[in-house]
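The values are calculated or read from the model by the stated rules, or taken from the named source; none is laboratory data. Remember, predicted model here, so these are calculated numbers, not experimental data. All Cβ positions, glycine included, derive from the backbone under ideal geometry; neighbour counts span all protein chains shown.
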Amino acid sequence: MSEICYLKMKSEQNNQPYRIGLVGLGTIGTGVAKILLQQKEWISRAACRNVELVRICDNDLTRDRGLDLPPGLLTDDLASIANDPGIDLVVELVGGVGFARTLVLSMLEKGKNIVTANKALLANCGTEIFSTARKYGKTIAFEAAVCGGIPILGALETTLQANRIQSIHAIVNGTCNYILTQMEEKGTDYAEAIRNAQQLGYAEADPTLDVDGSDSTQKLAILAQLGYRTNVDWRQIPKQGIQEVEAIDIQFARELGYKIRLLAVAELDESPEKGQPELELFVSPTLVSEESSLADVRNAFNAVKVLGDVVGPVFFHGYGAGELPTTSSVIGDIIDTALGRTAITFSAMNYWSQDGNAYQLKDPKEIIGKTYLRLMVEDRPGVLHEISGVLGRFNISIAAMIQRDSQQSQEAIPLIITTHDAKEGDMLQAIEILSTFDSVKSRPVRMRVRG
C-alpha cells in the first residue's frame, strides 16, 4: 500500500480526536502547550483529525508560566496520564535519563506513542526504548533532540534517502558556539563568555556537559544512527571540548585564515585499501576556513552541512534551542504521529536495532587529518629543532608555523604549528612526548583543522 493511500485510509477512519498528554512544563513544555492550545485548529487541519491536549503533568503546580491553562488540565498525578486509555500520545519533556527512561518505558507499555526532545535519553537508552516500542507496536518521534528547530533528522530519514551520506559536519551546541563567537568578535575571555552565556540563558549553571563536548557527542551518535544506520555508544566517540581555547588561539586562527568552531564530524572513509568503508566520528574544536559556511554560524545558532553522493552539499542553519524553535519540531512530530507518517518511518527505518550496523567504526587512532598545535616554549636556540624532530619521527609534516618575538616579561612564547595530514595516533604520541620537554612550559593545545 502506498503512503498516500495509507494516510488517506487513516484520515477517513480516525474520526475520533487524537489526545495528547504532556509531561514536563518547563521552557519547552510551556511552548508546546501554548501552541497546542492557541493553534489547535491549524494543527488539527495538518493532522487531518482533531488534536487535543487533554492533560499536562508537572511536579510544580503553582509557578507562573505566563500561560492561561483551562481548569483541570494541569496535574501532578502522572498516573492520570498513564492509566487513561484515551490518551494516544505522550510528549516527554522532562529531560535527563533516569526518570525519563522509566516514564517512556511505562507509557509505551500502556500503549501510548512517544514524542521526545531528549537527546540524552536516546543516546544512552536508544536500543532499550526502541525495542520496547516495537514490542508494543508503538512509535517514538524525536526531531527536536538534535538542533532544536532545524529539521535535520527528518531530512536524513526522508528527502536525503537517495544518498549515501559522505560526511556530516555540524555545529550542534549553541552554548559553545556563543562562547567562541564572543571570544572571536569581542575579545571576551573564556570565563567571561561563559558568564554572559549563563546570564542570557544559553548556558546552564554548570555548563560542563556543553563545554566538554558531551552534549555534541550525544547528538553526533543520533546523527550517525539516522545518517549511517550505525548504532554508536556515544561514550566511545573521541571528544574534546573548548575549555583550552584561549584568545591567542582565536587570534592565530584568524592570521591563518580560519575561525574556531566546535564541530561534530562524521565521515565515510572509502579508501580502496580499506575494503569496506569505515565511519569516522569525533567531536573537537576545529579550525574551519573563513570561507566555509560553518565559519559564518554565529552566537547560539546551530548548523549542519551534509554531503551526499547524489545531492552534493546541503546546508541547514537555524536556532538549535529555545522555546519556540524546539516547540516547532515537537509539534511537527505530534502531527506526523497523528497523521500516521511516523508509523511508516518508524517501521521502515528500524532505528537502534540490534540487527547490525551498516558501517564499522574506524579506529580513532587511524583517522587522518590536519592539526593546529599551540606550544608555549622557552625562547632559546634549538627548541624548534627539537620539536620538529619529534613530529618528523611520527611522520608529521609541518604546513605552517608562527613564532612571535620574545618580550622580557615573558617566561614562554607561543609557537603555532599547523600540520599536513597525519594519523591521529601518531599525533597523540607526539604530543605526549612534547609535553615532557623542559622547553615546553605547558601541555600543548591541539585542535583539528578542516577546510
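Which one of 264, 295, 253 is touching a strand residue (DSSP E or B) at 6+ places or on another chain (Cβ under 9 Å), under 21 Å from residue 361 (Cα atoms) and at pLDDT 95 or above?
Answer to the check: 264.
From the list 439, 435, which residue is touching a residue at least 60 places away in the same chain (Cβ under 8 Å) and not aliphatic (A, V, I, L, M)?
439
Just to be sure I understand, how many residues within the stretch 411-432 are farther than 18 Å from residue 252 by Cα and touching a residue at least 24 places away in the same chain (Cβ under 8 Å)?
Final tally of qualifying residues: 12.
Which of the residues belonging to the stretch 198-219 are touching a helix residue (DSSP H, G or I) at 6+ places or on another chain (Cβ under 7 Å), touching a residue at least 60 places away in the same chain (Cβ under 8 Å) and closer than 28 Å to residue 248 by Cβ?
Result: 202, 215, 217.
May I ask you to list pairs of residues, at least six apart or on different chains, whose Cβ atoms are under 9 Å apart, with the first in the stretch 32-43 being under 10 Å from residue 330 (Cβ atoms) and at pLDDT 95 or above and the second being of a type in the set (Gly, Ala, Ser) and in a helix (DSSP H, G or I)?
Listed by first residue and then by second, the contacts come to 35/328.
Please return the ranges of helices (runs of 4 or more DSSP H) entirely within the stretch 340-451 where 1 or more residues are surrounded by fewer than 15 Cβ atoms within 10 Å (Cβ to Cβ) and not small (Gly, Ala, Ser).
Fully inside the stretch 340-451 and qualifying: 383-393, 424-435.
What pairs can you find where one residue is in the stretch 263-282 and assigned by TED's automatic domain parsing to the domain that holds residue 303 and among the small types (Gly, Ala, Ser), the other is assigned to a strand (DSSP E or B) and buried (at least 18 other Cβ atoms within 10 Å of the Cβ), and their Cβ atoms are less than 6 Å apart, with a gap of 6+ or different chains?
From residues that are assigned by TED's automatic domain parsing to the domain that holds residue 303 and among the small types (Gly, Ala, Ser), the pairs are 264/170; 264/283; 266/168; 266/281.
Check 87, 28, 35, 56 and return the single one that is out of contact with any Pro (no Cβ under 6 Å at 6 or more places or on another chain), surrounded by fewer than 22 Cβ atoms within 10 Å (Cβ to Cβ) and among the aliphatic types (A, V, I, L, M).
35
Among the candidates 260, 250, which residue alone is touching a Pro at 6+ places or on another chain (Cβ under 6 Å) and either surrounded by 17 or more Cβ atoms within 10 Å (Cβ to Cβ) or of a type in the set (Val, Ile, Thr) (or both)?
260
Which members of the stretch 306-327 meet the condition of being touching a helix residue (DSSP H, G or I) at 6+ places or on another chain (Cβ under 8 Å), of a type outside the set (A, V, I, L, M) and either buried (at least 21 other Cβ atoms within 10 Å of the Cβ) or in a helix (DSSP H, G or I) (or both)?
320, 323, 326, 327, listed by residue number.
On the basis of being modelled with pLDDT of 95 or more, exposed (fewer than 15 other Cβ atoms within 10 Å of the Cβ), outside the structural domain of residue 333 (by TED's automatic domain parsing) and outside any helix (DSSP H, G or I), does residue 162 make the cut?
Spelling it out, residue 162 is indeed modelled with pLDDT of 95 or more, exposed (fewer than 15 other Cβ atoms within 10 Å of the Cβ), outside the structural domain of residue 333 (by TED's automatic domain parsing) and outside any helix (DSSP H, G or I).
Among the candidates 179, 152, single out the residue that is in contact (Cβ under 8 Å) with a residue 12 or more places away in the chain, under 13 Å from residue 300 (Cβ atoms) and of a type outside the set (S, T, N, Q).
After ruling out the rest, the residue left standing is 179.
Residues that are over 28 Å from the mean Cα position of the chain (by Cα): find the helices (runs of 4 or more DSSP H) completely inside the stretch 10-118 holding 2 or more of those.
Qualifying helices (runs of 4 or more DSSP H): 27-38, 40-47, 79-82.
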